[in-house]
Structure formats: structure tokens, C-alpha cells
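The next block holds one structure in the form of C-alpha cells; read it before the comments.
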């Protein structure tokens, strides 16, 4: 994929600043432009986040032809570190893994009778996506919250999309989670306020 150079488009924003004279703190012209641009980009970023999740789900089914369905458990919790501080940890675990009827299950995933060993299958999927936990949680759990959700994924639901040579993650997301707020019809963002920032952007 060719890299797109956007430096020329945003170089004019490098002078974004907040100014104070005799009154309130005010953004300069470049800061106003940046805040307006950010308000346009944020919905696109959120839609890309859930499109990525959709693409990963499709990849899982395409990579594991024996896989019929599974539950994806997502949760976040506050974890304390050795320095006395805390951070929000993100987790993703695969549960209730089911093989397709008559599918040839890999030897390493079989139990003593030659059937699917659910524990081995769960461990395999967990290990394959241990680096994806934050990104899988992002569209479904509000940033900074300790919360959880469970996703039920079935090959049968995605069969029409999986049959294509290239699968759109956004199409998968729209099929699986049609009411997700990031998939609402496109609308012009409300006018951004350069004088205020969200909690997530003002706290370390």
C-alpha cells in the first residue's frame, strides 16, 4: 500500500495555539481550524475502529475453516501497579467454541475421541489475538470505563460476506452490529469548541 503524504495538508496547523490577553483564553485561527477538523475526523476514526473489529472477525472465520461459532468476551478493569497508580486493562477471551458439522479439526485441537477440544480451541484463539485486546474492546466499551460485553459470532450469519474474495470489515460490522452508534448515517458534526476539550483529552 502506498503511503499518503498529508504533511502538506496539515503543516498550516503547526502554529495552533491558545492565547491570553486581557480576557479569556482564546484559540488562534489555526487552533480553531484544528478543532473543527478533529470534530470531522472523530466519527471516521470511530467507524474505522469497528470496521477493524469486523475485519478481524472475518479473518478468524476465514483462517479457521473448521470454526462454526464462538463467544467473544470483552471487558476492562482498573489494575493497580507497583508504584501505587492504576491503569485500565483490556481483555478479550474466546469462549464456547464450536466446530462446523463434519469439519476436519486440526490434530492439536482434537480430544481423545477425535472431536474438537473446546479448551484447546479457546487457548489457540486467545493466543492469536492477545495483542488485539485493546482494539477489540475500543468500539464496545467506553474509554476509561470498567465494563464488559459479550459478542456472539456465527459463521452462518457471515456466510454471504465470507464467500467474497475480499471482505469489507465495515460490511461485517453493519451486519453484526447494525445499531452501533458509530454506524449511524453520516451527519455533519456539531461545531467544535476550541475553548473546551473532552475529559479524555485533558486528563493524563
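The values are calculated or read from the model by the stated rules, or taken from the named source; none is laboratory data. Since this is a predicted model, take the numbers as computed values, not measurements. Note: ideal-geometry Cβ built from the backbone for every residue, glycine included; neighbour counts use all protein chains shown.
Things to note:
- Yes/no for residue 103 being over 24 Å from the mean Cα position of the chain (by Cα), within 29 Å of residue 168 (Cβ to Cβ) and at pLDDT below 95: yes
- Among the residues making up the range 33-47, those that are more than 30 Å from residue 167 (Cβ to Cβ) and in contact with a helix residue (DSSP H, G or I) (Cβ under 7 Å, 6 or more places away or on another chain) are 33, 34.
- The helices (runs of 4 or more DSSP H) found wholly in the range 145-204 and carrying at least 1 residues that are at pLDDT 95 or above occupy 155-162, 169-176.
- Positions within the range 60-78 being surrounded by 15 or more Cβ atoms within 10 Å (Cβ to Cβ) and out of contact with any strand residue (DSSP E or B) (no Cβ under 8 Å at 6 or more places or on another chain), in sequence order: 64
Each row is one residue, and each column tells you yes or no for (1) touching a residue at least 24 places away in the same chain (Cβ under 8 Å); (2) under 18 Å from residue 53 (Cβ atoms); (3) in a helix (DSSP H, G or I).
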{"site": "73", "(1), (2), (3)": "yes, yes, no"}
{"site": "112", "(1), (2), (3)": "no, no, no"}
{"site": "119", "(1), (2), (3)": "no, no, yes"}
{"site": "126", "(1), (2), (3)": "yes, yes, yes"}
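- Residue 50 being under 18 Å from residue 155 (Cα atoms), touching a helix residue (DSSP H, G or I) at 6+ places or on another chain (Cβ under 8 Å) and part of a helix (DSSP H, G or I): no
- Long-range neighbours under 9 Å by Cβ, at least six apart or interchain, first residue at positive phi and in contact (Cβ under 8 Å) with a residue 60 or more places away in the chain within the range 162-179, second outside any helix (DSSP H, G or I) and surrounded by 16 or more Cβ atoms within 10 Å (Cβ to Cβ): none
- Boolean, residue 89 is in a strand (DSSP E or B), surrounded by 13 or more Cβ atoms within 10 Å (Cβ to Cβ), without any contact (Cβ under 8 Å) to a residue 24 or more places away in the chain and touching a strand residue (DSSP E or B) at 6+ places or on another chain (Cβ under 8 Å): yes
- Residues that are touching a helix residue (DSSP H, G or I) at 6+ places or on another chain (Cβ under 6 Å) and in a helix (DSSP H, G or I) were ranked within the range 4-32; the one that is nearest to residue 138 (Cα to Cα) is 13.
- Test: residue 20 is touching a strand residue (DSSP E or B) at 6+ places or on another chain (Cβ under 9 Å), modelled with pLDDT of 90 or more and more than 30 Å from residue 180 (Cα to Cα): yes
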